[in-house]
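Working notes, structure below.
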Amino acid sequence: MTRHDPKISFLQMRDYAQEASSLIKNKTHEDIAKDRVLNLALTRLLEVVGEAATRVPEDVRKIHSSLPWPQIIGLRHRLIHGYDQVDLDILWEIVSEDLPSLTQQLEKIIRNWPAN
């Protein structure tokens, strides 16, 4: 089995996080409950952020220990396995409050990625 390029995972994490953030521009917390498509889109985007995080090898995660790896991956598991119990308040909080910071951290990691 070939090792997955961690930079690709970082790029995917950033891109999907940015897309989730862009979906809530000019939206309110109430919109997430009223708009089923928005709700499902945000859920899926966060699932992919978490899945990409699982593909980052443990040694690379340790180098970038400032990222909240357990929370990112744990969220993916909760969304996938607890799909029928998604708390929209928590989903809104993550997208509106946590993703901007995560995106900035990912952008810095990508920008400083060593050239091969």
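The values are calculated or read from the model by the stated rules, or taken from the named source; none is laboratory data. None of the values given here were measured: they were computed from a predicted structure. Cβ: placed from backbone, ideal geometry, glycine included. Neighbour counts: every protein chain shown.
Condition (residue is part of a loop (DSSP other than H, G, I, E, B), within 19 Å of Ile90 (Cβ to Cβ) and of a type outside the set (Asp, Glu)) applied to the range 13-27: is it met by at least one residue? Steps first, answer last, please.
Step one: list which residues in the range 13-27 are part of a loop (DSSP other than H, G, I, E, B), which gives 24-27.
From what is left, the residues that are within 19 Å of Ile90 (Cβ to Cβ) are 24, 27.
Pick out the ones that are also of a type outside the set (Asp, Glu) and you get 24, 27.
Yes, the range 13-27 has at least one match.
Conditions tested, residue by residue: (1) outside any loop (DSSP other than H, G, I, E, B); (2) touching a residue at least 60 places away in the same chain (Cβ under 8 Å); (3) among the aromatic types (Phe, Trp, Tyr); (4) in contact with a helix residue (DSSP H, G or I) (Cβ under 6 Å, 6 or more places away or on another chain).
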{"position": "Leu45", "(1), (2), (3), (4)": "yes, no, no, yes"}
{"position": "Val49", "(1), (2), (3), (4)": "yes, no, no, yes"}
{"position": "Ala52", "(1), (2), (3), (4)": "yes, no, no, yes"}
{"position": "Asp59", "(1), (2), (3), (4)": "yes, no, no, no"}
{"position": "Lys62", "(1), (2), (3), (4)": "yes, no, no, no"}
{"position": "Ser65", "(1), (2), (3), (4)": "no, no, no, no"}
{"position": "Pro70", "(1), (2), (3), (4)": "yes, no, no, no"}
{"position": "Gly74", "(1), (2), (3), (4)": "yes, no, no, no"}
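Could you tell me whether any residue of the range 73-82 is out of contact with any Phe, Trp or Tyr (no Cβ under 6 Å at 6 or more places or on another chain), more than 20 Å from Asn39 (Cβ to Cβ) and of a type in the set (A, V, I, L, M, F, W, C)?
There is at least one residue in the range 73-82 that is out of contact with any Phe, Trp or Tyr (no Cβ under 6 Å at 6 or more places or on another chain), more than 20 Å from Asn39 (Cβ to Cβ) and of a type in the set (A, V, I, L, M, F, W, C).
Taking into account only those residues within the range 79-96 that are more than 21 Å from Leu23 (Cα to Cα) and not small (Gly, Ala, Ser), which is surrounded by the fewest Cβ atoms within 10 Å (Cβ to Cβ)?
So the first thing to find is which residues in the range 79-96 are more than 21 Å from Leu23 (Cα to Cα), and the list is 81-82, 84-85.
Retained after the next criterion (residues that are not small (Gly, Ala, Ser)): 81, 84-85.
Working: His81: 9, Asp84: 5, Gln85: 8.
Residue satisfying both the conditions and the ranking: Asp84.
Look at the range 76-99 and say how many of its residues are part of a helix (DSSP H, G or I) and without any contact (Cβ under 8 Å) to a residue 40 or more places away in the chain.
Taking the range 76-99 first, the residues part of a helix (DSSP H, G or I) are 76-81, 83-85, 88-99.
Next cut, without any contact (Cβ under 8 Å) to a residue 40 or more places away in the chain only: 76-81, 84-85, 90, 93, 97-98.
Of the residues in that region, 12 qualify.
How about the range 99-113: which of its residues are surrounded by fewer than 16 Cβ atoms within 10 Å (Cβ to Cβ), closer than 16 Å to Ala20 by Cα and either at pLDDT below 95 or touching a helix residue (DSSP H, G or I) at 6+ places or on another chain (Cβ under 9 Å) (or both)?
In the first step, residues of the range 99-113 are kept if they are surrounded by fewer than 16 Cβ atoms within 10 Å (Cβ to Cβ); the result is 100-101, 104, 107-108, 110-113.
Cutting the leftovers down to closer than 16 Å to Ala20 by Cα gives us 100-101, 104, 107.
Of everything in the range 99-113, those that are surrounded by fewer than 16 Cβ atoms within 10 Å (Cβ to Cβ), closer than 16 Å to Ala20 by Cα and either at pLDDT below 95 or touching a helix residue (DSSP H, G or I) at 6+ places or on another chain (Cβ under 9 Å) (or both) turn out to be Pro100, Glu107.
Taking the condition under 15 Å from the mean Cα position of the chain (by Cα) and not β-branched (Val, Ile, Thr), does Arg111 pass? Explain how you work it out, then say what you get.
Details: under 15 Å from the mean Cα position of the chain (by Cα): no; not β-branched (Val, Ile, Thr): yes.
So Arg111 fails the test.
Being crowded, with 17+ Cβ neighbours inside 10 Å and part of a helix (DSSP H, G or I) is the requirement here; does Ser9 meet it? Working first, answer last.
Working: crowded, with 17+ Cβ neighbours inside 10 Å: yes; part of a helix (DSSP H, G or I): yes.
It is true that Ser9 is crowded, with 17+ Cβ neighbours inside 10 Å and part of a helix (DSSP H, G or I).
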